[in-house]
Amino acid sequence: MLPWILAPAVEPSPELLALSGGHRLVARILAQRGIDTPTKAIPFLDPQQYLPAPPTTLLGVAEAAQHLHSAIARGEQFLIWGDFDVDGQTSTALLVTALRALAGDDTVRFHVPNRFVESHGIKVEMLRSKLDAAMAAGSPVQVLVSCDTGIAEGAAVALAKEYGLTVVITDHHDLTAELQELVVGVDPLWGLSAAEAGVQSVRRADAIVNPKFLPAGDPLRTLPGVGVAYKLVQQLYMLAGRAGEEKELLDLVALGIVADVAEQVHDARYLLQLGLAKLRTTQRAGLLALMNISRIDPAALTAESIGFQLGPRMNALGRLEDATVAVELLTTRDAIRAGQLAAKLERLNQDRRLLTSQTTRAANEIIERDPSLLGYNALVLAHPNWHAGVVGIVASKLVEQFGKPAVLLLNPSGQAARGSARSVPGVDIGSAIAACGHLLLSHGGHSGAAGVSLLPENIDAFRRELSRQVEVYSDDSVRVGVQIDAEVQLNDLSLLLADELARLAPFGSGNPTPQFVTYGLTVTDDRRMGREGVHRKLAVRGESGDQLPVVWFGGADSELPAGPVDLVYTLNVNEYKGDRSLQLMYVDSRPAQPVAAVNVTVKQPALQVIDLRKVETANLGDSLPPPQEATWFVEGVRLDSLPPGITYAPRWQAMQRGDGTAAAPALVLWSIPPSPALLHWLLNTVQPETVYLCGQYTADDSAGGVLRAVAGMCKYALNHPHQMTPPREPAPSQPAPSQQEALVMATTALLDINHMAARLGTTEAIMRHALLWLEARGNIYLVEWLAGDTVRIAAGDGQPQREQLRQIEDEIAELLAEVRAYRRFMQRARLPELHLRLDDARG
């Protein structure tokens, strides 16, 4: 669990308070983020009051725009060379759209590299084939323009010049070592034009535009590739006498800024604010089709809509297939074709989600088998069968999970290992990886993310060296953890506050969504959400009696602390059929701590672990405390194999022994918990001084065994509904059930997911997937998910959905593999590793 970091309160000035609508909490958050004066706050809140930098302030823009303007006048042919992520897709679409508008549709072609054939950049042989093909077709390319790439492509530039091309590079990635050496010790503008730098570094390029030439703190330095392309187009439209028309392209700029996780400050924030407004009224056929299939109301679109809905769908193309389709989607005027392309993105996004889930589980399984990997300053994992398109996403998930940089590599037999890195705030992973260059075949990126390739035999050495370099390229002033803006009480929250906080949007890198903490909340309701029950909805009550709903996306398989909880969340407004209501969005939770201990890390005494894993089952009873002196955990085992006096003791019975305030003397783990989350919950609920680890396996954790068992439970429940869910008398204030309600109760049955999982000694996630499998098979119908992780089922129609069956079977196999891997670790790990794991789980 990552530490919680509560920002020191900063008292806002009266002027800042007035600008914030008189709401002290909003003004305080602005002040805490360095926006502490009206001079800073006014342009931050209102883009119309912000003064953007002229495009020519970006070094190289004047030269690049003049070259393109002259080429248009000569009627020359253009080749735009982009990249396959969303920043590259939008940059390419922006340049293609602008140049076609200025030079004509038949003068502009583009190329987006295929991740699996070319990887990033301008590969010399691919460029040669494109140029030769154009020449053979009688329309030779005369101008090469790169976007979101090119800063390190000296060989490609040299080839283009051999063909007589004008070459314009637009990029935002870190400068090569050669370029960095050129600018050391020179004044802030370096006395060096971008064209001169380009000639000396990227071999005879006619112009090079990259904000990394600007000094730190410059308003343009944080621009992503699409922002750089927009500044160039802005200048180009001015030269053409059509200034202002480029604003129609701001919808593409907003997409790229959010999807590239660009730091949203200065001009980048300004362009995003304008771009979001343009997106809400866009007439671009592809974007309208994509919003439609993503179920986004354009008028209500936010940066979060891009980050969580539009961006992942567009990224799925570059990750799994050919991102050229995305550029077509963004440039087509044909609504029917746009709908077809949007549907393809939707299908690929589903595939991407499944691959991401499988890869995340596999990565965690590697860590479970070898916990020593967590001892390095960066997590480096490798696997021969991972998909290149999702390792970056999974690396990001591991960064969130473990709070340190992560590098995921795929290393197929006989090939170089290659993969992606992601970082935490305060660690420049691009520079740290560059410092390992002697071990690498290639690398590139920036402070937050990077790509890398190396020989498989160098992976271990790379892990050790990267761990050392992360120390060098870490900013010790930046603390990694759950960042909290303020402590509030539930009765402090309101729709008015949520609306005032929305004025600080758009949120993202450089301006994160405000996060709040409330201590000592009581969970009054807990139910599953979504068609497949993968999300969760809680209700929490504060000391004042106020109660609010909490939405926990993807939280169905996570353990919630027993008893009162401290909760970190963001504010959200739920709009449904014209009604607006406040809801909280779950970020993190922990067992409620005494006020004096809040945000203070206290080292708990080490657990005493009694290792009985190698003791014969028949002899275990002699080494264990009697049932009345310990909390027992006994699930998924044959009851006749237990010592005398011991019976089935499922997970929820632990709450009867330990309530989170008084320590139970001992915890007997007769069964191996199916997940680290359940072990964490057991230890924090019971709070034992001693753990007796017996480590008995469950009876059957094969897919077939689990599915047969769950099918049997469902069949019994439908045949004996009143035995599974005894009828209850209605409360005096409630009317008796209607005839239709009585019929539903008679033909359906309720199942408790937690009880089913405990009976088999497995996870709730596996139970839910098993139910989904039975529904896809036609055996049952999942009527609704209810509070307390309960589901109402009815008999199915017997019609199987074979495609869904195959997908769910794969997911069940992955989930069971994860359980088996964890149990293998708990069965075989050395005692020191177990001590570490149990202490970590308790903390």
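Listed by position, the helices (runs of 4 or more DSSP H) contained in region 8-104 that have at least 3 residues being over 28 Å from Thr331 (Cα atoms) are 14-19, 24-32, 38-45. Among the residues of region 64-88, those identified as under 25 Å from Ala449 (Cβ atoms) and either touching a Leu at 6+ places or on another chain (Cβ under 7 Å) or basic (Lys, Arg) (or both) are Ile80, Trp81, Val86.
Here Val96 fits the description: buried (at least 22 other Cβ atoms within 10 Å of the Cβ), in contact with a Phe, Trp or Tyr (Cβ under 6 Å, 6 or more places away or on another chain) and closer than 18 Å to Ala243 by Cα.
Conditions (1) within 14 Å of the chain's Cα centre (by Cα); (2) more than 24 Å from Tyr270 (Cβ to Cβ); (3) assigned to a helix (DSSP H, G or I), marked per residue:
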{"site": "Gln283", "(1), (2), (3)": "no, no, no"}
{"site": "Arg295", "(1), (2), (3)": "no, yes, no"}
{"site": "Glu304", "(1), (2), (3)": "yes, no, yes"}
{"site": "Pro312", "(1), (2), (3)": "yes, yes, yes"}
{"site": "Ile336", "(1), (2), (3)": "no, yes, yes"}
{"site": "Ala342", "(1), (2), (3)": "no, yes, yes"}
{"site": "Arg352", "(1), (2), (3)": "yes, yes, yes"}
{"site": "Thr360", "(1), (2), (3)": "yes, yes, yes"}
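Are there any pairs, at least 6 apart or on different chains, whose C-beta atoms fall under 7 Å, with the first in region 109-136 and open to solvent by 40 Å² or more (accessible area, probe 1.4 Å) and the second hydroxyl-bearing (Ser, Thr, Tyr) and not in a loop (DSSP other than H, G, I, E, B), and if so, which? Close Cβ pairs (under 7 Å, with a partner that is hydroxyl-bearing (Ser, Thr, Tyr) and not in a loop (DSSP other than H, G, I, E, B)) amount to Phe110/Thr92. Among the numbered conditions (1) of a type outside the set (Asp, Glu); (2) under 16 Å from Ala417 (Cα atoms); (3) at pLDDT 95 or above; (4) touching a Ser or Thr at 6+ places or on another chain (Cβ under 7 Å), the only one that Phe462 does not meet is (4). Take the residues of region 397-452 that are of a type in the set (Gly, Ala, Ser) and part of a helix (DSSP H, G or I): which is nearest to Ala262 (Cα to Cα)? My answer is Gly430.
Scanning region 219-238 for residues that are open to solvent by 40 Å² or more (accessible area, probe 1.4 Å) and under 27 Å from Gly510 (Cα atoms) returns Pro219, Arg221, Gln234. When the criteria are applied in full, Tyr519 meets the requirement of being among the hydroxyl-bearing types (Ser, Thr, Tyr), in contact (Cβ under 8 Å) with a residue 60 or more places away in the chain, under 26 Å from Ala7 (Cα atoms) and in contact with a strand residue (DSSP E or B) (Cβ under 7 Å, 6 or more places away or on another chain). The residue that is farthest from Ala378 (Cα to Cα), counting only those in region 468-491 that are part of a helix (DSSP H, G or I) and open to solvent by less than 80 Å² (accessible area, probe 1.4 Å), is Leu490. Checked against the criterion of being of a type in the set (Gly, Ala, Ser), part of a helix (DSSP H, G or I) and surrounded by fewer than 20 Cβ atoms within 10 Å (Cβ to Cβ), the candidates Ala299, Ala216 yield just one match: Ala299.
When region 239-252 is filtered for residues that are in a helix (DSSP H, G or I) and surrounded by fewer than 18 Cβ atoms within 10 Å (Cβ to Cβ), the ones remaining, listed by number, are Leu239, Glu245, Lys247, Glu248.
Among the residues making up region 341-398, a single one is over 26 Å from Val534 (Cα atoms), buried (at least 16 other Cβ atoms within 10 Å of the Cβ) and of a type in the set (Ser, Thr, Tyr): Tyr376.
Within the option set Arg541, Arg536, Arg527, being at pLDDT below 90 and either crowded, with 18+ Cβ neighbours inside 10 Å or over 22 Å from the mean Cα position of the chain (by Cα) (or both) holds for one residue only, Arg527.
When Val609 is tested against (1) part of a loop (DSSP other than H, G, I, E, B); (2) modelled with pLDDT of 85 or more; (3) more than 30 Å from Leu6 (Cα to Cα), just one condition goes unmet, and that condition is (1). Candidates are the residues of region 765-783 that are charged (D, E, K, R) and either without any contact (Cβ under 8 Å) to a residue 40 or more places away in the chain or surrounded by fewer than 23 Cβ atoms within 10 Å (Cβ to Cβ) (or both); the one that is farthest from Gly530 (Cα to Cα) is Arg777.
The values are calculated or read from the model by the stated rules, or taken from the named source; none is laboratory data. Remember, predicted model here, so these are calculated numbers, not experimental data. Backbone-built Cβ (ideal geometry, glycine too); neighbour counts: all protein chains shown. To get the accessible areas, we keep the full protein, side chains included, count just its heavy atoms, and leave off ligands, DNA and RNA. Shrake-Rupley method; radii C 1.70, N 1.55, O 1.52, S 1.80 Å.
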